[in-house]
Amino acid sequence: MTADATTAPTAPTTLTELRSWVEEVAALAKPRDIHWCTGSDEEWSELTDALVATGTFVKLDEAKKPNSFYAASDPTDVARVEDRTYICSVDEKDCGPTNNWMAPAEMKAIMRKLYDGCMAGRTMYVIPFVMGHLEAEKPMFGVEITDSAYVTASMRVMARMGTHVLRRMEELKDAGEEVAWVPALHSVGMPLVEGQADVKWPCNDTKYIVQFPEERMIWSYGSGYGGNALLGKKCYALRIASVMARDEGWLAEHMLILKLTSPQGVTKYVAAAFPSACGKTNLAMLAPTIPGWKVESIGDDIAWMRIGEDGRLWAVNPEYGFFGVAPGTNEHTNPNAMKTINIGNSVFTNVALTEDGDVWWEGLENPPAHATSWKGEPWTPESEELSSHPNSRYCTPIKQCPILADEYDDPRGVPIDAILFGGRRKTTIPLVTEARDWVHGTFMGATLSSETTAAATGAVGVVRRDPMAMLPFIGYNAGDYFNHWITVGKDNDAAKLPKIFYVNWFRRDDEGGFLWPGFGENSRVLKWVIERIDGQAEAVETPIGHVPTPESLDIEGLDLTPEQVAQALAVDVEEWKAEIPGITEWFEKFGEQLPTVLWTELDGLKARLDA
Ligand code: GDP
Ligand code: PGA
Ligand code: MN
Ligand code: MN
């Protein structure tokens, strides 16, 4: 693409291992040219111009969404593909029963064939990036190679990337330090022969999203969708990082991080793990409805947490942008997300395009009279089909968030006071439950269940176990992962660790409506959580943990009857008894690998339900 885009040996780096990896990939994938990404504004303009020229991007109206773009994917490439995602550990046992496995050599043989010539006619982009802070004690470097300009542009929003990252790697090397980086190879899998016109959204029916945990390496093929293709996010910051975290004694989790300040000016930090499309981004940017409370955002999807010298659990957000679910986002549900995207510099994928050069999606205010749906078809409010894919996304810089906490920029992160686990359950799970202790909290996380969503391909609305909301992201044996959680509790001072809670914003009434209004009203639950930590709020002890007494939850000004609140908080013993066989079956999957204390927790739960 640019004049200086050349292949090695004139590659713009002294990192010999990086140069040889790039050469090796180029020799295999045979791109037309190679572009080393700088991360500059000029590069962004060149990339987005090229994407507009090929029809992948439509530039939005500059007055409405400055420097922003609309993209519609191939209708088959809209979400993470969990059945095509592999953990290729050397030993199958290290992959565990919840992941797909293939022997590394076998997988590499298959994928080398696919990669052979796969970038023909395309530019190969080399993206040096860092997850987390460049100033971190040990910066978490990566280099993504991709043949997708869409991925390259999106990576610039979602991760710290470009020349300054490369220079830092070189500096550290020159200073004699060992510079580790995760090689992350991506191809859309659609080579172009001489004269062949490109399509708007190149991809391949054959897809592989592969992690090699021992080598700390990622190979992805066939998809351009965010979670499959922006390899710093799910593949590195969760799957590979969870393996690093196991080995080094920290936690890589699918969690938002928020800062909560009470009317008295007391600050607490909360991390929360909900499965994809279950409310992390919304909670991270919550606008409280209760007077005097303030929420600031630190992260909306991933938390890396380490025990600090003070014995507390410190969390950083390794990302640089938000990759948020568009449908349902509006001025009422998430005013801060709206402000973030309205500043511009964003990419919208699989939403609807309006005639005046803006975007629209289900749940947004003011439906347009006419629009083009994500499938490229004419759309009106009377249309039977959705204007936007349920997993359509906005990709926007985190620095634009009007309530971003200053601590976002602190490489030390923030000390977490409370961890929330949550899912999407129509029944059974109360609005909020407090765990008795760390092991009980780990049990809550390990047995977390949620209805499947459009964030992954496959059926929607099916209840499944999604431990710690990490089912698709644990890079090793989930039984060992539970052990790792138990160990973190055992090796550290319980009094300094976060308290654990289980929440459910999605319980339904008999008519099928949500029992709890959610969104900004979730501040009432956060308030109760904080007051519990400080020993101020009342709770009732139930077989499943501590739930609020009706008086302890602040419902002043809330448009709900006390009966409705009671229904949202109810612990229904029969419903819980019906959960037990599913939990038992789930635990049996892990055999010897399951920590025995989790069986003990289950026995205790059964006994309390029967009492
Ligand atoms: P994430 O994928 O976990 O970050 O989830 P999001 O915050 O993007 O939310 C996913 C979907 O759930 C969106 O359509 C939201 O509008 C919806 N949602 C988020 N929070 C709530 C809530 O508190 N109540 C209800 N009913 N829906 C919610
Ligand atoms: P989400 O992120 O958790 O915000 O949905 C994307 C994903 O998990 O696929
Ligand atoms: Mn996620
Ligand atoms: Mn999100």
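Worth a mention:
- Using θ = phi - 60° in the Karplus curve 6.51 cos²θ - 1.76 cosθ + 1.60, the 3J(HN,Hα) couplings for the range 12-28 round to x, 8, 8, 6, 5, 5, 5, 4, 6, 5, 4, 4, 5, 5, 5, 5, 7 Hz; x is entered for Gly and Pro.
- Backbone N atoms of the range 567-588 closer than 14 Å to the 7 Å Cα→Cβ label point of Asp610 belong to residues 577-578, 580-581.
- Over 19 Å (Cα to Cα) - which of Lys259/Lys399; Lys233/Lys259; Lys200/Lys375; Lys234/Lys589 fall in this group: Lys233/Lys259; Lys234/Lys589
- Between Lys200 and Asn366, residue separation times 0.36 nm minus the direct Cα-Cα distance comes to 56.9 nm.
- Order by protection proxy (mean Cβ within 10 Å, highest first), peptides 265-273, 501-509: 501-509, 265-273
- Formal net charge of residues neighbouring Asp437 (Cβ-Cβ distance under 14 Å; K, R +1; D, E -1): +1
- Dipole magnitude for the range 458-611: computed about the Cα centre from +1 point charges on Lys and Arg Cβ and -1 point charges on Asp and Glu Cβ, it is near 540 debye.
- In this simple spin-label approximation, Asp410 and Glu177 carry label points 7 Å from Cα along the Cα→Cβ vector, and these lie 2.1 nm apart.
- Estimated FRET transfer efficiency when R0 is 25 angstrom, pair Ala136-Lys294 (beta carbons, to 0.05): 0.35
- Across the chain, the relative contact order, built from alpha-carbon pairs under 8 Å that are at least six residues apart, equals 14 percent.
- Gap separating the Cα centres of the range 520-569 and the range 105-181, nearest whole Å: 46 Å
- The local environment of Lys59, defined by Cβ-Cβ distances under 15 Å, has a net charge of -4 under the rule Lys, Arg +1 and Asp, Glu -1.
- Amide hydrogen proximity for Met124: with H placed 1.01 Å from N in the peptide plane, the residues at 5 or more positions away or on another chain lying under 5 Å are Arg32, Asp33, Ile34, His35.
- Computed from phi, the 3J(HN,Hα) profile of the range 308-315 under the Karplus parametrisation 6.51, -1.76, 1.60 (θ = phi - 60°) reads x, 4, 7, x, 8, 9, 9, 10 Hz, with x in place of Gly and Pro.
- The helix-based estimate of mean residue ellipticity at 222 nm for the chain, built from -39,500 (n - 2.57) per DSSP H run of four or more residues and divided by its residue count, is -7500 deg cm²/dmol to the nearest 500.
- Within the range 188-236: Cβ-based charge dipole about Cα centre, in debye rounded to nearest 20 (Lys, Arg +1; Asp, Glu -1): 260 debye
- Using the Karplus relation 6.51 cos²θ - 1.76 cosθ + 1.60 with θ = phi - 60°, the per-residue 3J(HN,Hα) values for the range 562-570 come to x, 5, 5, 4, 4, 5, 5, 8, 5 Hz, with x marking Gly and Pro.
- Annotation: peptides 478-486, 235-243, 105-113, ranked by per-residue average of other Cβ atoms within 10 Å with the highest first, follow the order 235-243, 478-486, 105-113.
- Inter-label distance, Glu588 to Glu563: 4.1 nm, where each label sits 7 Å from its Cα along the C-beta direction.
- Dipole magnitude for the chain: computed about the Cα centre from +1 point charges on Lys and Arg Cβ and -1 point charges on Asp and Glu Cβ, it is near 540 debye.
- Residue (of Val351, Met338, Ser383) at the positive-pole extreme of the range 322-400, dipole from beta-carbon charges: Met338
Values quoted throughout were computed directly from the atomic coordinates according to the rules given, and no laboratory measurement underlies them. Since the model is a prediction, treat every value here as computed from it, not as a measurement. Positions of Cβ are backbone-derived with ideal geometry, glycine not excepted, and every protein chain shown enters the neighbour counts.
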